[in-house]
Amino acid sequence: MKPSIALCTALLFIMLMLNSCGRGGEIHSIPDKQKEIVLIVKSKEGEFWNTVKMGAEAAAKEFNIKLIFDGSTDETDEQTQIDLVNKYLAYGTDGLILAANDYKKLAGVVAKADKMGVPVITIESEVDAPEVRSFIGIDNYEAGRQAALKMKELTGSQGRFIILNYVKGSRNAERREQGIRDEWASIPDMHIVESVYCNSDSYNCGRLTNEMLRKYSGIDGILALNAVASIGAAEQLQSLGRAGIVKLVAFDNTPEELEWLQEGVIQATVIQNPFSMGYLGVKTAVEAMSRQKVDKKIDTGTKVIDAVNMFWSDNQKMLFPFVQ
């Protein structure tokens, strides 16, 4: 009796199915689609954000994530960030990490992302939105207090000081300055003669430093509250021949700042850990995308670095996290 055409077709189908399972019984499953996370920062330029990117890339490689790095070119530009969030939500990203240029104005797009099922992690700067799954960054008020304490130590608890702040309305900037003011509130001989904002623009930071030093005689110290302000102040102190005479407590650890620190133009700098912010941002986003419980806040810590302790091994790891 000859087999029917239908029976032959069925046998052929079974053979093909068995063959598709691979040789030696190995089963090949269809690989999962690679997840995508978008990291939107305050500015695509500058050493700090480049280090954040390096940390995020390290985590993306470890967790097999497609990482997209984007942001504005101006830390006062919140509208570009809002437009970028909307664009990537429309493209269908799986997760979002945001270093927001404004505490309140980004809240709307954060809520929109959450409603679409896209978890949002904020780094470096908080957003006033309960939908944020986790914030990863420093305690800016405490960082301001640390800067104030170091300046107090450098100047013997007395003097006249300028605060060179960066973006007016920035929550981080306001918290740092408030920490300084509160720390000195009970010290009668520590006087803040003026606080000015240079909008994180290198030219403006230098120009305002020059103006303040000419406007007020006998200035004992400058507290510069981010990297751009710190570099602008250091350049002017050097060019005016006031380096070391006017004490400078800075923020962050760009290569320029570390050179000024070794040369005695900057006496101390409060450093953050941007590499960890980027790394933990991606790691936490991956956990949130997998519906795992994540910490609402992760403090990456700060440290006051001076020309002596900058060479300690633990501090070297914070200053140069990407050097093995």
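The values are calculated or read from the model by the stated rules, or taken from the named source; none is laboratory data. If you're wondering where the values come from, they're calculated on a predicted model, not measured in any experiment. Don't worry about glycine lacking a Cβ; one is built from the backbone with ideal geometry, like all the others, and counts go over all protein chains shown. Keep in mind that these areas ignore ligands, DNA and RNA; they rest on the heavy atoms of the full protein, side chains included. Shrake-Rupley method; radii C 1.70, N 1.55, O 1.52, S 1.80 Å.
Numerical summary
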read-out: Output for the stretch 217-257, where each listed residue is assigned to a loop (DSSP other than H, G, I, E, B), farther than 20 Å from Ile138 by Cβ and either open to solvent by 10 Å² or more (accessible area, probe 1.4 Å) or without any contact (Cβ under 8 Å) to a residue 12 or more places away in the chain (or both); value: Ser217, Gly218, Asp220, Leu240, Gly241, Arg242, Gly244, Ile245
read-out: Test result for Gly108, on the phi > 0 side of the Ramachandran plot, out of contact with any helix residue (DSSP H, G or I) (no Cβ under 6 Å at 6 or more places or on another chain) and open to solvent by 50 Å² or more (accessible area, probe 1.4 Å); value: no
read-out: Qualifying residue in the stretch 140-150 (condition: closer than 16 Å to Ser43 by Cα, part of a helix (DSSP H, G or I) and either out of contact with any helix residue (DSSP H, G or I) (no Cβ under 7 Å at 6 or more places or on another chain) or free of Cβ contacts under 8 Å to residues at least 12 places away in the same chain (or both)); value: no
read-out: Filtered residues of the stretch 51-71 (kept if free of Cβ contacts under 8 Å to residues at least 60 places away in the same chain and open to solvent by less than 10 Å² (accessible area, probe 1.4 Å)); value: Gly71
read-out: Only one of Val132, Val167, Val127, Val228 that is of a type outside the set (Asp, Glu), outside the structural domain of Gly264 (by the TED database) and under 22 Å from Thr73 (Cβ atoms); value: Val127
read-out: Filter result for Asn199 (open to solvent by 10 Å² or more (accessible area, probe 1.4 Å) and assigned to a helix (DSSP H, G or I)); value: no
read-out: Qualifying residue in the stretch 259-266 (condition: surrounded by fewer than 23 Cβ atoms within 10 Å (Cβ to Cβ), at pLDDT below 95, part of a loop (DSSP other than H, G, I, E, B) and outside the structural domain of Val52 (by the TED database)); value: no
read-out: Ala90, sole failed condition from (1) modelled with pLDDT of 95 or more; (2) surrounded by 16 or more Cβ atoms within 10 Å (Cβ to Cβ); (3) among the hydrophobic types (A, V, I, L, M, F, W, C); value: (2)
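Every residue, every condition in (1) among the charged types (D, E, K, R); (2) modelled with pLDDT under 95, yes or no:
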{"site": "Arg171", "(1), (2)": "yes, yes"}
{"site": "Ile180", "(1), (2)": "no, no"}
{"site": "Trp184", "(1), (2)": "no, no"}
{"site": "Met190", "(1), (2)": "no, no"}
{"site": "Tyr197", "(1), (2)": "no, no"}
{"site": "Gly206", "(1), (2)": "no, no"}
{"site": "Lys215", "(1), (2)": "yes, no"}
{"site": "Ile222", "(1), (2)": "no, no"}
{"site": "Ala233", "(1), (2)": "no, no"}
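Residues checked against (1) over 27 Å from Met54 (Cβ atoms); (2) open to solvent by less than 30 Å² (accessible area, probe 1.4 Å); (3) in the same structural domain as Arg181 (by the TED database):
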position	(1), (2), (3)
Thr73	no, no, no
Asp77	no, no, no
Asn101	no, yes, no
Gln146	no, no, yes
Gly156	yes, no, yes
Ile162	yes, yes, yes
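The rows are residues; the columns are (1) of a type outside the set (Gly, Ala, Ser); (2) touching a His at 6+ places or on another chain (Cβ under 9 Å); (3) not in a helix (DSSP H, G or I).
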position	(1), (2), (3)
Gln34	yes, no, yes
Val38	yes, no, yes
Glu45	yes, no, yes
Phe48	yes, no, no
Gly55	no, no, no
Asn64	yes, no, yes
Phe69	yes, no, yes
